[in-house]
Each structure stands twice: as C-alpha cells, then as structure tokens.
Amino acid sequence: MSSLEALFCEVDDFCTYFEPQWHRQLLGHGLQTRKRARCLCLSEMMTILIAFHQHHYRNFKHYYINCVSIYWRKEFPRLPSYQRFVEWMPSTLIPLCVYLTHCFGKCTGISFIDATSVKVCHNR
C-alpha cells in the first residue's frame, strides 16, 4: 500500500466518524441553503492538504499543478482545477484541525513535533 493510500485510509476513517457528528453540531440560521455536491469528498481534500505538508514543495499552487494534477490524477479522477480546490479549502479547516489534534495523542510531558511526520512525539 502506498503512503498516499495509507494516509487516505486513515483520514477517511476519521471523516466517516467525524462528519456526521460535526454536521449535527452546526448551528443553522433558519434559512434553507443549497449544498452542492463536490467532485472531491472531505477526506480526499484533507489527504491532498496533509500530503502537501509532507512533501518538499514551497507553495501549494506549484504542488497542486505539478504533483497532484499530473501524478495523482489516477488516484483522484475527478480532481477540480486549482482555483476551484482553493475555493473549497476553507471548508476543510475545522475538520483538519480536529484530525491533527486527534493525531497528537495524550500529552504526558514535554512535546516536540517531528517535521517528517504528522504525528507529535511526546518526551516521557
């Protein structure tokens, strides 16, 4: 299994549990709003964003156009344009923060972040 596939599976498992709970917690304004279906699900978008931080690209646009759009087209066949993806990025902020906090685990002392991993390591 590739690391991209492993990352997606982990994020997708999280989103399967998190999304229904999150949507129940959201406050409505009493207005009906349309929810257009996107061509990428939340877990696919989060996977792309997390993978960006794991690669050595200096900016997201270069990464998306030169890596994701070219090499990962098979993994994400319904990949939107760069501009559309950027428009959707704010909707991933809260789930992404919750996921990364979920990855930290329980702090038992002084913590440090390993730049090669999403996980936070704890000094015991």
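Nothing in this text is a laboratory measurement; each read-out follows from the coordinates by a stated rule. Note that the structure is a prediction, hence the values are computed from the model and not measured. Please note: Cβ atoms are built from the backbone with ideal geometry, for glycine as well, and neighbour counts cover all protein chains shown.
When 85, 104 are sorted by how many other C-beta atoms sit within 10 angstrom of their C-beta, beginning with the fewest, the order is 104, 85. Rounded to the nearest whole Hz, the Karplus-based 3J(HN,Hα) values (6.51 cos²θ - 1.76 cosθ + 1.60, θ = phi - 60°) of region 98-109 follow the sequence 5, 4, 5, 5, 4, 6, 5, x, 8, 7, 10, x, with x at glycine and proline.
Fully extending the segment from residue 87 to residue 103 would add 3.2 nm, taking 0.36 nm per residue of separation and subtracting the current Cα-Cα distance.
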